[in-house]
Amino acid sequence: MAGKIRLLIVDDEIKFLDSIAQRLEMRGLDITKATNGKDAVEIARTRKFDLALLDLKMPGMDGKQVLEILKKEHKYIEVIILTGHGSMDSAVDCTKLGAFSYLPKPYELDKLLEILKQAYESRLKKKFESDQSRIQKLTDLAQGTSALGILKAMRELDDDEK
Amino acid sequence: MFRQVEKPSLPPDRADKTVAGFVSFAPEHYREMKRKNTVRLLITYIGPLLILIVYFFFQYDSLYNESRQLHLKAIAENQANTFDLFLSERLVNISNLIDDPKLDLPPSRPAMENYLDYLRRISEAFVDIGFFDSAGIQAAYAGPFPSLEKVNYSTEEWYLELKRRPKQYIISDIYLGFRRQPHFTIAVSRIIEDQYIALRATLEPDKIYEYIQSLEGANEVITSIVNHEGQYQVVTSHMVNPLTNAAFVPPRDVRHGVGEAKLEVAEVPYAYSWLKNADWALMVIWVNPQPGGFFAGHRPKLMIISLAMLLLGLLIVLYRARKVTDLYIESEQTRAQLEHASKLASVGELAAGIAHEINNPLAAINEEAGLMKDLIDPQFGRDLTRDEISRRLDSIQESVFRCRDITRKLLGFVRQTDFDLRRHDLHGLINDVVDGILGPGMVISNIEIVKKYNLEIPEFTTDGNQLRQVLLNLIMNGIDALEGIPGQIVITTGRVEHNLYVAVADTGKGISPENMDKIFLPFFTTKGVGKGTGLGLSVSYGIIKSLGGRIEVKSSPGKGSVFTITLPLD
């Protein structure tokens, strides 16, 4: 858990994707790039990410769909939406679907970094609270019960880690 | 030589995914529609009804006439039998007298008076009675014509006929005879004591007519009797006098039958039946020669009902045709409103689209610039090489050009009213685009551009630059649709009445049905980032509309699309 923040960036503008990735890497983030929604979902299934930065308008699977899948398949991931769209309506929709925040393009990098920091904190907090309750549950289950109960509780914890 | 482009199919039957370039309809269109609807409904509603009514009338009439004829025939036979019986009885009456063993030769006058009394008691038709000796002299007589006594009848027709016949009786046709009054004779002959004697009675036609009238009864028929020559024997005095010729002579060889007789006014069906005892035919016709029967009283009523039904049908048809047309107009209006709403929406979409299309390159520029700043920031301890700078600047410029393209096309989108109208040759404009702008590139990409020109199109007034722009857009779209696969772009021109058309057909991937409604919207594109702005078709649409024409598309996914521009000739 210690170490770099693992960030998945998804955008169909390859040049933009390259430079933002390079800049964030220089600031110590662990960056993975995807140029479309489908790839992003596939990559997220093989590796764990703390955060995802999604462009809203992409050909094929758009940001909103990717958001829904990521939130469904990964418990703690926080998603930040990037949009070039003048209207904020769809971005607001996304926060209702569980996006942590949204940022209109073009943005100032400091602003993005601030949001990434907040999102990471939020993710850690969620993870921590969840772990606490799991530990409590584990303790409850383990107290005065059989080895089977302990095993069961441990399995639940495993599942949760996925 | 060139293919006729189908006339634009009109909504709501847009089943083949035709986006008619937002055509609105003239009032004539609705009138025409209403007319068609009315005619269609008239044919389907009133037609069968009318046919049914006519069929009913005709069928009923013919059936009725047939049954009337049969009825008439039955009446004729029946009356003929009765009348035959009447004649037989009269014959028997006279035979009884001649066979009377107390008959004197010749009988005395009181005896004759007795005989006459006897006969007249039986039938009032008897007028007188006479006895004829072997010389044919009326030897004894009783009746109102005593002067006939002793008259020689040996040359009278009935007497000669009686003598000639093997049968011992005769019933004569009507004749005037010595008394100069129409009458019939019933005579019987015997040979008694080697003497040929005959006894005859005469009958009054009027009385026989009365008898026949009693047969007519409530049958509503007029009965008359004719002889084999067609001479009336007994007939109503309203019609004609006896001894005149009837308008019709029934055929002698068929005993009973029906026929059509020409009376003063019309063809009248009659029935006849030949008698057994006399060479006469009894004929009947209807009192009212016009077929009526069931209809006689009901015909006007039926006519009124039929007319009312027709009128009602007509009203329903008109009402329904109106209703259908109203519904259609209403749906058209709804469609127009919807279109208007979608146009309003597309203005909003336009703004959002512009923002998106420009914000994205701006974000890219921002990142490139930021990255360069980072690279020269000592904090990160990196080097910014000459190559790196050049690459970043190229990328920035590219993004700037993207923005410029968009604003340039937007100007075209907004400034649709500034036209430079001149006389142009349509094919010249197409050639400018195909040979001038696209030209050599096509050979390399294995795309064949086929021109099917209709050279009868005259020069017309238009904005050449704008139209070239539209043609270029359409051809470029066609090329993009081919996706690098060798294929054809077919450009067809033609003329329909006062319009010319240009159709640009490709053999490419086609347009999916769900995209069909969106292709004319600004910023709608299926091409990748930086490849299409989504403005080509919407700008083209705007230009063509401003030039007074329309642009339509037909497409089948996987086979290709056809964009057709229609422009008015001057």
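The values are calculated or read from the model by the stated rules, or taken from the named source; none is laboratory data. Owing to the predicted nature of the structure, the values given are computational and were not obtained by experimental measurement. So basically every Cβ, Gly included, is an ideal-geometry build from the backbone, and we count neighbours across all protein chains shown.
Before we move on, is B:LEU85 of a type in the set (A, V, I, L, M) and free of Cβ contacts under 8 Å to residues at least 40 places away in the same chain? In short, yes.
If the requirement is being within 25 Å of B:ARG391 (Cα to Cα), of a type outside the set (Phe, Trp, Tyr) and more than 9 Å from chain B (Cβ to nearest Cβ), which of these qualifies: A:GLY84, A:GLY60, A:GLY28?
A:GLY28
Contact map, segment A:12-28: residues that are farther than 22 Å from B:GLY381 by Cα paired with residues that are part of a helix (DSSP H, G or I), Cβ distance under 7 Å, separation 6+ or inter-chain. Pairs shown: A:GLU13/B:ASN360; A:GLU13/B:ALA364; A:LYS15/B:ALA364; A:LYS15/B:SER395; A:PHE16/B:ALA363; A:PHE16/B:ALA364; A:PHE16/B:GLU367. When the test is whether a residue is outside any helix (DSSP H, G or I) and in contact with a strand residue (DSSP E or B) (Cβ under 6 Å, 6 or more places away or on another chain), B:PRO106 passes it.
State whether one or more residues within segment B:549-556 are under 20 Å from B:ASN465 (Cα atoms), in a loop (DSSP other than H, G, I, E, B) and not hydrophobic (A, V, I, L, M, F, W, C). Yes, that holds for at least one residue. Among the residues making up segment A:99-125, those that are away from every other protein chain (no Cβ under 14 Å), free of Cβ contacts under 8 Å to residues at least 60 places away in the same chain and not charged (D, E, K, R) are A:ALA99, A:PHE100, A:SER101, A:ILE115, A:GLN118, A:SER122, A:LEU124. Any residue in segment B:551-562 that's over 17 Å from B:PRO486 (Cα atoms): show its pairings with residues that are among the charged types (D, E, K, R) and loosely packed, with under 14 Cβ neighbours inside 10 Å at Cβ separation under 7 Å, as long as the two are six or more apart or on different chains. Short answer, once both residue conditions are applied: B:LYS554/B:ASP16. Candidates in segment B:268-279 are the residues that are under 22 Å from B:VAL188 (Cα atoms) and touching a His at 6+ places or on another chain (Cβ under 8 Å); of these, the one that is surrounded by the fewest Cβ atoms within 10 Å (Cβ to Cβ) is B:ASP279.
Checking each residue in segment B:374-413 for being among the charged types (D, E, K, R), within 18 Å of A:PHE16 (Cα to Cα) and facing chain A (nearest Cβ under 9 Å) picks out B:ASP374, B:ARG392, B:GLU398. Condition test on A:ARG47, is it surrounded by fewer than 17 Cβ atoms within 10 Å (Cβ to Cβ), of a type in the set (Lys, Arg) and over 17 Å from the mean Cα position of the chain (by Cα)? So A:ARG47 fails the test. Considering only residues in segment A:99-131 that are not aromatic (Phe, Trp, Tyr) and not in a helix (DSSP H, G or I), the one that is surrounded by the fewest Cβ atoms within 10 Å (Cβ to Cβ) turns out to be A:GLU108.
Residues that are at pLDDT 90 or above and assigned to a strand (DSSP E or B) were ranked within segment B:496-524; the one that is farthest from B:LEU455 (Cα to Cα) is B:ASP506.
Return the residues of segment B:156-183 that are touching a Gly at 6+ places or on another chain (Cβ under 8 Å) and farther than 13 Å from B:GLY130 by Cα; say none if nothing qualifies.
Those that are touching a Gly at 6+ places or on another chain (Cβ under 8 Å) and farther than 13 Å from B:GLY130 by Cα: B:GLU156, B:HIS183.
Just one of the numbered conditions (1) crowded, with 16+ Cβ neighbours inside 10 Å; (2) within 13 Å of chain B (Cβ to nearest Cβ) is not true of A:ILE14: (1). For first residues located in segment B:106-117 and among the aromatic types (Phe, Trp, Tyr), partners that are assigned to a helix (DSSP H, G or I) and lie 6+ apart or on another chain with Cβ distances below 7 Å form the pairs B:TYR115/B:LEU97. Here B:ASP84 meets the list (1) part of a strand (DSSP E or B); (2) in contact with a Lys or Arg (Cβ under 6 Å, 6 or more places away or on another chain) almost entirely, failing just condition (1). Can you pull out the residues in segment A:50-60 that are crowded, with 17+ Cβ neighbours inside 10 Å and within 23 Å of B:THR526 (Cα to Cα)? Matches in segment A:50-60: A:LEU54, A:ASP55, A:LEU56, A:LYS57, A:MET58.
Matching residues to (1) among the basic types (Lys, Arg); (2) surrounded by 15 or more Cβ atoms within 10 Å (Cβ to Cβ):
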position: B:ARG422; (1), (2): yes, no
position: B:GLY428; (1), (2): no, no
position: B:VAL433; (1), (2): no, yes
position: B:GLU448; (1), (2): no, no
position: B:GLU456; (1), (2): no, no
position: B:ASP463; (1), (2): no, yes
position: B:LEU472; (1), (2): no, yes
position: B:THR492; (1), (2): no, yes
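The set of residues in segment A:64-98 being touching a residue at least 60 places away in the same chain (Cβ under 8 Å) and either surrounded by fewer than 20 Cβ atoms within 10 Å (Cβ to Cβ) or among the charged types (D, E, K, R) (or both) consists of A:LYS75 alone. In this structure, B:ILE354 does satisfy being modelled with pLDDT under 90 and closer than 24 Å to A:MET58 by Cβ. Within segment A:31-53, the residues that satisfy the criterion of being of a type in the set (A, V, I, L, M) and more than 14 Å from every other protein chain (Cβ to nearest Cβ) are A:ALA34, A:ALA40, A:VAL41, A:ILE43, A:ALA44, A:LEU51, A:ALA52.
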